[in-house]
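The values are calculated or read from the model by the stated rules, or taken from the named source; none is laboratory data. Just so it is clear, the structure is predicted and the values come from calculations on it, not from any experiment. Virtual Cβ from ideal backbone geometry, glycine too; neighbours counted across all protein chains shown. All accessible areas refer to the heavy atoms of the entire protein, side chains included, with ligands and DNA or RNA removed. Shrake-Rupley method; radii C 1.70, N 1.55, O 1.52, S 1.80 Å.
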Amino acid sequence: HAGDKHALPDALQAWFDDIAWPSFSPALRNLLMDLSVMGRFVPELAAHLLAGREADDLSQSLRALVQEGFYLRECPDRPGWLQLMPAFARYLSATLRLSDPARVEKLHHTAITWARQAGEHAEVLRHALQLAPSPEVTALVEASGAISISHGMGPDLNFTQPLRPDLAQAAPMVFFAQIYDRIRHGADVEARIHYEAAAALTEGFTRFNA
């Protein structure tokens, strides 16, 4: 793990491999890996993921983990939401990404669908940003209100496409989110250049594509 700044310490990795992981049933392992991709979740989303599985047994196992409060606990900043222990979640998500990256992408899409139906725009944004940049992702971020989410402890806007002034016409929320992201990372000059170019292109941000 020496080249990976996000890698777990070797001793902790070994503990998860040798002690923690074998203590869970195969069905619970699969569910926990799925939940690690969710990051944080409400019981309703967990129930959605349980569809077609051993729902009763797995629900009981999750309740037991919450009561123990070690691997699974309530989010301190979002009452009613749950999250895995951060180190354990990293271990699980890394395992799943190596073994089945297509499943990870599918889980993000599942979370986006659920979040849109539930009106959880911040969750739509959070999961959309984990997908490869595409017109679909840009549309999702734009519709969810790209700069409405608090970034205090949240993910960075990891868009890899160049920041283009004409994006302000087609997807203004995404454009302003990228401007904000550049400023947060110290690229003030780049942010100002693109902001001024976009302002001229949109006549002071008054002309947008329908």
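Some points to look at:
- Apportionment of accessible area to carbon and sulfur, the range 43-115, percent (1.4 Å): 53
- Using alpha-carbon coordinates, inclination of helix 172-184 to the longest axis of the chain, degrees: 80
- When Glu120, Glu190 are compared by accessible area of protein heavy atoms, the largest-first order is Glu190, Glu120, using a 1.4 Å probe.
- Helix axis angle, 86-99 relative to the chain longest principal axis, alpha carbon, degrees: 80
- 13 Å beta-carbon shell around Ser99, net charge (K/R +1, D/E -1): +1
- Carbon + sulfur, % of accessible area of the range 161-210 - ligands and nucleic acids excluded, 1.4 Å: 58
- Radius 12 Å from Cβ of Ser36, net charge of other residues (Lys, Arg +1; Asp, Glu -1): +4
- Difference of contour (0.36 nm per residue) and Cα-Cα distance, Ala200 to Asp188: 2.5 nm
- The residues of the chain present an accessible area of 55 Å² per residue when probed at 1.4 Å with all protein chains retained.
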